[in-house]
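Engineer: Sharing a structure, written as structure tokens. Questions coming.
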Amino acid sequence: MSVMLQMNGIQAINAAMVEAMEADPKVLVLGEDIADPQGGGVTGTMKGLSTRFGEHRVRTTPISEQAIIGAAIGAALGGYKPVAEIMLMNFTTVAMDMIFNHAAKLRFMSGGQSQVPITIRTLTGAGWQTAGQHCDHLEGWFAHAAGIKVIAASSPADMKGLMLSCIQDPDPCLFIETGMTLFSPGEVPADQGPIPLGKAKVAVSGSDITIVTWAAQTIRCMMALQALGEAGISAEIVDLRTISPWDKETVLASAAKTGRVMIAHEAVRDFGPGAEIAATIHEELFGQLKKPVKRLGAPKCAVPFAKVLEDAYLVQPDDIVAAAKALMG
Amino acid sequence: MAEQSNAPKPDAQALLDIFRRMVRIERNDDAIRTAMRRGRITAPYYSGRGQEVIPATISHFLNDDDQICTIYRGIHDMVAKGIPLRPLWAEISGKVDGTCKGKGGPMHLTHPETGVMVTTGIVGSSMPIANGLGWAAKLDGSKRVVVAYFGDGASNIGAFHEALNLASLWKLPVLFVCQNNGFGEHTRYEIATSVDKISTRAVSYNMPGFTVNGNDPDDMYAHVHAAVARARAGEGPTLLECKTFRFLGHLIGDDDFYMDKAEKEAAMAKDPLPRLRARLIAEGHASEADLDKLIADIEAEIADAQEYGANSPTPSRDELRRDVFAEEMPA
Ligand SMILES: Cc1ncc(C[n+]2csc(CCOP(=O)(O)OP(=O)(O)O)c2C)c(N)n1
């Protein structure tokens, strides 16, 4: 049994960075406010790295998202493994050309001559009243693209393990952090090593209904467990962890077992990642399902500011319980 | 322009090297257009005809391990850098022996072995990535330099401004080489660009910037010499605006309706390639026979490459699942 350490997501990611940078001098960090004199990034997740590894390896950049991702891509082509922070997920939109047209496609377009082993860390998530342009969940945009892996861990141990894997992965990875997951404490084995990308985790085992979820929504699903139990519903929670390429095997096995599936995500429901997962389940398991797959996601509007509206925008534990009861009925 | 009277001048050997690179570009361009006309190649093709002096002179100063990031109009840049012609032809023919296994095509042709790192179809995007390669060169402690090629139109896109600012701040060994051919697609320079000279934009980023006659090997030679020396010495980037003219429109098939016929004719009458040939002979650096031989050898190399491309097999459908990630995608 390895020793368990108590830490939050920020500390877990920081621990992964320190380990990765010690082990491999090719690992670099860049982003706005990233070095220690500027605070170690917007959530302080990169704190201590520039002091420890030097500002040649850990560089604060201008507010130039295209230049940040471009520099990461070029350094990767030059043999390095850069970890770039895009302060907030909405700001990836101004670097979309670099991410989508270049980082994600250079391996294919070059017929395998080139690879772009970059990790892009970015923060998002509603619940802090940051409204329309600072908290969208855009994982579906990136999951739609070929050539980039999309990761969204919900526990500190997974954050550490998945971050270690992203850094060493030969392909570009988008690592999504949320306020809720970063600040939630949890246990991390002292020797927590890399966790394979593309593998979901059955966070809670159950027999009546499968709930597929990820990121902060996993925590909201956990919050529904007690009420589900009181209603006599045994829920299996599958934390997808990697959105693309996603773990069909684990999801389909759980869906086949329970016959009732709900997909809950913070992203807008329409055309969201849940649609792809639901369609696959219907294609693969049509005859074995007891009910059509249910999708829960945000309504198709900008993230609202007013607290009552923001609460209504998010998929809350109560919504999950209500949807589960409907699936059981 | 070459304001320095003591500016370095190309000697006979340098002029011959620049000429040889120009001939390879021009003969190769001609062969591609002929093959397209005959229906042997189907591809979007953006000719660099008329712009040969720029990459020919720059490549004269580049080592094998120096790198370039170029654009859709970039085959002239790669040929000047020394990309092998056989896999180039196989690539533009969409064949497995292409540098990119036929998966990139002329707009995304790369060959890292000869330093052709990125070819982008997105206006302006060569520059931010060149910075990263420059950063890597610096971290390696090497003297490598990186050239980012782009057009005049690209100096109006955000990536240009973000990239120049970062390169200057980080003193990156990058040459920003704008091939100002007077047009962005069908739009004339002055309709799209707020400054008379793009080189003046360097001032905003605290880096040297020069407007150079991109069709004049002497002017190019002096400025590239200085810019490469500055980059290798770790002193940082330079912006070179190289004035030239696009002889064959935006892409093959362009009917020139938006161009001033007299202006175009005048520019084409000053074709830099025959001018350099005449000069080599006039200055006694080569004989007609020497140059004819040089051209014939290049034509033979191109004919061989074309044949190689034509005979190479087409890629299998399995290629759709390969190179998406390092690991092959499931069927
Ligand atoms: C971001 C982007 N916008 C528009 C285009 C379409 N386009 C391709 S080439 C071009 C003109 C670019 O002109 P310039 O930068 O002067 O280069 P040139 O083609 O003259 O070499 C345009 C608008 C594009 N490829 N990328």
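Engineer: For region A:239-285, build the convex hull from the C-alpha positions and give me its volume per residue in Å³.
Structural biologist: Per residue, the Cα convex hull of region A:239-285 comes to 79 Å³.
Engineer: In square angstrom, what is the accessible area per residue of region A:201-328 with a 1.4 angstrom probe?
Structural biologist: Result: 42 Å² of accessible area for each residue.
Engineer: A further question follows. Averaged across orientations, what area in nm² does the convex hull of the alpha carbons in region B:173-302 project?
Structural biologist: 10.7 nm²
Engineer: Under the definition of Cα pairs under 8 Å and six or more residues apart, what whole-number percent is the relative contact order of region A:201-328?
Structural biologist: Value for region A:201-328: 29 percent.
Engineer: Let me ask something else about it. Within region A:113-145, which residues have the backbone N less than 17 Å from the label spot 7 Å out from A:Gln316 along Cα→beta-carbon, could you tell me?
Structural biologist: A:126-129
Engineer: Taking the convex hull of the alpha carbon atoms in region A:201-328, what volume per residue do you get, in Å³?
Structural biologist: 97 Å³
Engineer: While we're looking at this one, here's another question. To the nearest 10 degrees, how steeply does helix A:9-23 sit against the main Cα axis of chain A, on a 0 to 90 scale?
Structural biologist: Around 40 degrees separate the two axes.
Engineer: Further, regarding this structure: What figure in square angstrom, to the nearest 10, would you give for the accessible area of A:Met96 with a 1.4 Å probe?
Structural biologist: 40 Å²
Engineer: Measure out, as a whole number of angstrom, how far apart the alpha-carbon centroids of region B:275-307 and region B:71-116 sit.
Structural biologist: 23 Å
Engineer: In addition: So if we plug the beta-carbon distance of A:His282 and A:Ala302 into 1/(1 + (r/R0)^6) with R0 = 45 Å, what FRET efficiency do we get, rounded to 0.05?
Structural biologist: According to the calculation, E is roughly 0.90.
Engineer: Give me P(r) over the protein assembly as shown, computed from all C-alpha to C-alpha distances, binned every 20 Å, as integer percentages.
Structural biologist: The calculated distribution, bin by bin, is 18, 45, 28, 9, 1.
Engineer: How many times 2.2 N^0.38 Å is the alpha carbon radius of gyration of chain A?
Structural biologist: 0.98
Engineer: From the backbone phi of region A:163-175, what are the Karplus-calculated ³J(HN,Hα) couplings (6.51 cos²θ - 1.76 cosθ + 1.60, θ = phi - 60°) in whole Hz, Gly and Pro given as x?
Structural biologist: Running phi through 6.51 cos²θ - 1.76 cosθ + 1.60 with θ = phi - 60° gives 5, 4, 5, 4, 4, 8, 5, x, 10, x, 10, 9, 10 Hz.
Engineer: What value in Å³ per residue do you get for the convex hull of the alpha-carbon atoms in region B:61-199?
Structural biologist: It comes to 107 Å³ per residue, whole-number rounded.
Engineer: Same structure again: Using 32 Å as the Cα-Cα cut-off, could you pick out the over-long pairs in A:Lys105/A:Lys248; A:Lys26/A:Lys199; A:Lys105/B:Lys264; A:Lys300/B:Lys101; A:Lys26/B:Lys101; B:Lys101/B:Lys270?
Structural biologist: A:Lys105/B:Lys264; A:Lys300/B:Lys101; B:Lys101/B:Lys270
Engineer: Taking amide H positions as placed 1.01 Å from N in the peptide plane, with prolines and chain starts having none, which residues 5 or more places from B:Thr120, or on another chain, fall under 5 Å of its amide H?
Structural biologist: Hits under the 5 Å cutoff: B:Thr70, B:Ile71, B:Tyr72.
Engineer: Using a 10 Å cut-off on Cβ to Cβ distances, tally the other chain neighbours for every residue of A:114-120 and report the average as a whole number.
Structural biologist: Average per residue, whole number: 2.
Engineer: Further, regarding this structure: With all protein chains present and a 1.4 Å probe, how do A:Ser207, A:Ser114 order by accessible area, largest first?
Structural biologist: Accessible-area ranking of A:Ser207, A:Ser114, largest first: A:Ser207, A:Ser114.
Engineer: Over 13 Å, how big is the tail of the calculated P(r) for region B:274-331, in percent of all Cα pairs?
Structural biologist: Roughly 73 percent, rounded to a whole number.
Engineer: Kyte-Doolittle mean at least -0.5 and Cα extent at least 18 Å along the axis: which DSSP H helices of chain B qualify?
Structural biologist: B:12-37, B:126-139, B:217-232, B:288-311
Engineer: If you don't mind, there's one more thing I want to ask. Antiparallel as a % of all DSSP beta bridges within region B:12-310, to the nearest 5?
Structural biologist: 10 percent
Engineer: Turning to a different aspect of this structure: Please report, for the Cα atoms of region A:4-189, the Rg to one decimal and the Dmax as a whole number; what are they, in angstrom?
Structural biologist: In Å, with Rg to one decimal and Dmax whole: 15.2, 45.
Engineer: Please identify the trypsin sites (Lys or Arg not before Pro) of region B:1-93 that satisfy two criteria: DSSP loop assignment and at most 16 other Cβ atoms within 10 Å. Which are they?
Structural biologist: Loop-located and lightly packed - B:Arg38, B:Arg40.
Engineer: Still on this structure, please answer the following. For A:Gly198, enumerate residues with amide H under 5 Å from its amide H, sequence gap 5+ or separate chain, H modeled in the peptide plane.
Structural biologist: Result for A:Gly198 returns A:Thr242.
Engineer: Also: Hey, what did region A:1-152 get for relative contact order, percent, Cα under 8 Å, at least 6 apart? Kindly include the intermediate steps, with their values, before the conclusion.
Structural biologist: Details: 232 pairs, mean separation 29.3, N = 152.
It rounds to 19 percent for region A:1-152.
Engineer: Sort B:314-321, A:194-201, A:84-91 for me by packing, meaning the mean count of neighbouring Cβ atoms within 10 Å per residue, highest on top.
Structural biologist: Peptide ranking by packing, descending: A:84-91, A:194-201, B:314-321.
Engineer: To test your reading of the geometry: what angle, between 0 and 90 degrees and rounded to tens, separates the Cα axis of helix A:65-77 from the longest principal axis of chain A?
Structural biologist: Approximately 70 degrees, to the nearest 10.
Engineer: For region A:201-328, what is the percent of antiparallel DSSP beta bridges, rounded to the nearest 5?
Structural biologist: Values: 3 of 15 bridges.
Approximately 20 percent, going by the DSSP bridge assignments.
Engineer: What is the distance in Å between the Cα centres of region B:212-252 and region A:298-314?
Structural biologist: That distance is 53 Å.
Engineer: What translational diffusion coefficient, in µm²/s and rounded to a whole number, does the Stokes-Einstein relation yield for region A:68-163 at 25 °C and a viscosity of 0.890 mPa s, taking the hydrodynamic radius as the Kirkwood radius over Cα pairs?
Structural biologist: Rounded, D is 172 µm²/s.
Engineer: What fraction, in whole percent, of alpha-carbon pairs in region B:12-310 exceed 29 Å separation?
Structural biologist: In whole percent, the long-distance tail amounts to 31.
Engineer: Separate question: Mind grabbing the accessible area of A:Cys166 for me, 1.4 Å probe, Å², rounded to tens?
Structural biologist: Accessible area, nearest 10 Å²: 0 Å².
Engineer: Another one. Using only Cα atoms and rounding to the nearest 10 degrees, what angle (0 to 90) does helix A:216-230 make with the longest principal axis of chain A?
Structural biologist: 20 degrees
Engineer: Hey, another quick one. Could you pull out every residue, at least 5 positions away or on a different chain, whose amide H is within less than 5 Å of the one on B:Arg246? Hs are placed 1.01 Å off N in the peptide plane, and Pro or chain starts have none.
Structural biologist: Those qualifying (amide H under 5 Å, at least 5 residues apart or on another chain) number zero.
Engineer: Rounded to the nearest 0.05, what FRET efficiency is calculated for B:Ile191 and A:Met223 with R0 set to 56 Å and r the Cβ-Cβ distance?
Structural biologist: Details: r = 59 Å, r/R0 = 1.04.
With a Förster radius of 56 Å, E is 0.45.
Engineer: Sticking with this one: For region A:4-189, give the share of DSSP beta bridges that are antiparallel, in percent and rounded to the nearest 5; count only bridges with both residues there.
Structural biologist: Beta bridges within region A:4-189, antiparallel portion: roughly 15 percent.
Engineer: Counting other Cβ atoms within 10 Å, which GluC sites (Glu not before Pro) in region B:1-106 have at most 15 and lie in a DSSP loop? If you can, show how the numbers build up before the last one.
Structural biologist: Working: sites: B:Glu3, B:Glu26, B:Glu52, B:Glu91; in loops: B:Glu3, B:Glu52.
Qualifying residues, ordered by number: B:Glu3.
Engineer: Sticking with this one: Sequence gap at least 6, Cα distance under 8 Å: using those rules, report the relative contact order of chain B to the nearest whole percent.
Structural biologist: The value is 23 percent.
Engineer: Let me ask another. Looking at chain A, which Cys residues are left with no other cysteine's beta carbon under 4.7 Å from theirs?
Structural biologist: Flagged as lacking a Cys partner: A:Cys135, A:Cys221, A:Cys301.
Engineer: What does the structure give for B:160-173 when I average, per residue, the other chain Cβ atoms found within 10 Å of the residue Cβ?
Structural biologist: Mean shielding count: 4.
Engineer: So, one more: Please give, to one decimal in nm, the separation of the simple spin-label points placed at B:Arg37 and B:Glu113, each 7 Å out from Cα toward the Cβ.
Structural biologist: 3.3 nm
Engineer: Restricting to DSSP H runs of at least four residues, report the calculated mean residue ellipticity at 222 nm for chain B, -39500 (n - 2.57) per run over all residues, nearest 500 deg cm²/dmol. Don't skip to the end; give the middle numbers.
Structural biologist: Values: 11 runs with 139 residues, N = 331.
For chain B, the value works out to -13000 deg cm²/dmol.
Engineer: Over all pairs of distinct alpha carbons, what does the Kirkwood formula give as the hydrodynamic radius of region B:176-242, in Å?
Structural biologist: Result for region B:176-242, one decimal place: 12.7 Å.
Engineer: Using the beta-carbon distance between B:Glu319 and B:Ser287 and R0 = 45 Å, what value does 1/(1 + (r/R0)^6) give for FRET efficiency, to the nearest 0.05?
Structural biologist: Result of the calculation: an efficiency of 0.40.
Engineer: Work out how much length B:Glu235 to B:Met329 would gain on full extension: take 0.36 nm times their residue separation and subtract the Cα-Cα distance, in nm to one decimal.
Structural biologist: My answer for the length gained is 29.4 nm.
Engineer: Restricting attention to region A:222-329, which trypsin sites (Lys or Arg not before Pro) occupy a DSSP loop and are surrounded by at most 16 other Cβ atoms within 10 Å?
Structural biologist: A:Lys290, A:Lys300
Engineer: For peptide A:171-178, what's the mean number of Cβ atoms from other chains within 10 Å of each residue's Cβ? Mind dumping the intermediate values first?
Structural biologist: On the way: counts 4, 1, 0, 0, 0, 0, 0, 0.
Counting other chains' Cβ atoms within 10 Å and averaging over A:171-178 gives 1.
The values are calculated or read from the model by the stated rules, or taken from the named source; none is laboratory data. All of these numbers come straight from a predicted model, not from anything done at the bench. All Cβ positions, even for glycine, are placed from backbone atoms using ideal geometry, and neighbour counts span all protein chains on display. Note: accessible area is taken over every heavy atom of the protein model, side chains too, but ligands, DNA and RNA are not part of it. Shrake-Rupley method; radii C 1.70, N 1.55, O 1.52, S 1.80 Å.
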